[in-house]
Amino acid sequence: TLGTQTDYRDGEAQTDPYSPEYIVRSGSVPEILALATLTWGRGLPAGQAEMEIIDRIREKRAWEAALPPMDSPSNIAKRLKMMEAMERKEWAYREEEIDKLHKVQMEVFKKLLQRQEENQNELNAMRLNNHWQNHQKAKEEKMRKIHHDCALMLRKLIAKRKNCMGKLERRDIIREYNDFSSQTYAPLSRIGFFPDNNSDYYAVKNYYLNTFAGLCELEKSAPPSVFPLKIKAPKPKCIITKTGYIKRSGRLEVVLAQVHQALLEKKNKAKEPKKPPPVCEKVESPVPKPPTLILEKPSIEEEEIELAVVCLQKLLRGRALQNMIFEGKERHLDLIQELRTTHALQEDGQLLLKAQKQMTLSLQRQQDSQMQQLSALERDLATVEGRALANMLDFLSKELVRLQEEQKIHALIMLAERQRRMREAEESGRRQLEESRRQEEDELFRQAREGDCWDCRQTIDTYLEDVILSSMEWTAEEQAREEIQKRAVEINDIAYEMESRRTRLQSEEIVAELVYNFLIPEAEKNFMRERVRQSQRKHLYAAHRIIHGGTE
């Protein structure tokens, strides 16, 4: 009743403004009724366009009021001229509105086309950038491979120049075993050693452990004292209850015992005597190494034959390497030319390079201009095709919707016609049944009325008497019910009047009479019933005891 507190503003809780009902007086046309079509959010609050519409409505009302009456031919002609002028003015205003709408649509179309062109340019730039990055990655990968091959070939050449005379060197086993990067410790795969092939060579393969038959033999050969296991369960360090839990006192005892043991160990370490300084101890001499093996010196003829074979191998390998270098040069001829162009030092080569560059740029410009012309032509063609396709698809979609609606309406009409025919058939059958039943009842009544026998007349009299008696009873019951309702209304009025005039003392007397006449007798009845039940319970208990005692 004093105020209301809310977490929301009025603007958030406000719905559409309330528009009350209105009544127009006869003979008056209020100006505000011309704005009845405007609603909140659709014209209200009024803007510049709505104000122009209101001004045009006012001008039209003033023009209608200024029209001459149609009482003479001259006024009629003048009225027609004014109406024609007004119609031309309205058509001109309508054309102006259509032009404005067209301009707005053209602006929207221009913005859409500009946005589409920007998106397409961004997409083309992204594609070009991705293409350029892919080419750069391929170029870097190729350069990396060339540098790797170059370093490999340089290492090979350096290794060959170390023994350019082709002299045979004896194998120094001691040096190989001292150098952990030699072929003894780390053989190369190209020599023919593959460590992964014999990876399971050093794995332990035991017949008695890897096969079922070996396990059976091992079990038979083992003594019987090996198999039975004697495991003693560890004694619990703490006091455990029957349920398996450790008491808190037990946990505390374990902790105290651990602390006591740690203190004792610390004291014992402090009391230990210091060890005397070490005296001269005997140093054992190392085990002598075995004598070095001495190889026999080969003969001169064998050395010459071996040198000749090595020379022939070098020639063959050199020719094979030369062929490989030539094939690699043929494969990477483009890359070599590119490297030569980047490191060109002669003036003729530079001039030729500039001429090729200018020719390439001119060809690229021509190609770009041709591509722009083709893209513009394709864009115009796509615009025309899109407009034509849009119009055709719009017409086809509208035609399809119209045909679907027409089929739905036709189906609804057929269903309604079928339902109407079924209802007409049901109504006609029901009417025929009622007419036949009515004819049967009329015939029975006519025959009963025209009957001459005494039994028929007595039956009719009895029926009429029953009808009259039942109608009399119903009428008497209705009259008695009406009398009772009237008496009840009168008694209620008297009771209400007495209730309004009754004092507090009279109310207490009425309550006391009700308590004395209703509650006290009921309490006495309950008390007497309980006493009878108590008196009967002794007899029932004695009877039960006698019966059950005998049965037991």
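The values are calculated or read from the model by the stated rules, or taken from the named source; none is laboratory data. Everything quoted here is computed from the prediction, not taken from an experiment. Neighbour counts are summed over all protein chains in view; Cβ atoms, including those assigned to glycine, are modelled from backbone coordinates with ideal geometry. For the accessible areas, the whole protein counts, side chains as well, though only heavy atoms, and no ligand, DNA or RNA atoms are used. Shrake-Rupley method; radii C 1.70, N 1.55, O 1.52, S 1.80 Å.
Table for the structure above
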item: Within region 239-281, tally of residues that are open to solvent by 90 Å² or more (accessible area, probe 1.4 Å) and modelled with pLDDT of 85 or more; result: 6
item: Lone qualifier among P223, P236, P195, P228 - being modelled with pLDDT under 80, open to solvent by less than 100 Å² (accessible area, probe 1.4 Å) and either aromatic (F, W, Y) or within 56 Å of the chain's Cα centre (by Cα) (or both); result: P195
item: Residue in region 488-510 that is in contact (Cβ under 8 Å) with a residue 12 or more places away in the chain and in a helix (DSSP H, G or I) present; result: no
item: Of all residues making up region 62-82, the number that are assigned to a helix (DSSP H, G or I) and open to solvent by 90 Å² or more (accessible area, probe 1.4 Å); result: 5
item: Residues satisfying the stated conditions in region 119-133, i.e. over 32 Å from the mean Cα position of the chain (by Cα) and open to solvent by 90 Å² or more (accessible area, probe 1.4 Å); result: L128, H131, W132
item: All positions within region 134-167 that are in a loop (DSSP other than H, G, I, E, B) and open to solvent by less than 80 Å² (accessible area, probe 1.4 Å); result: N163, G166
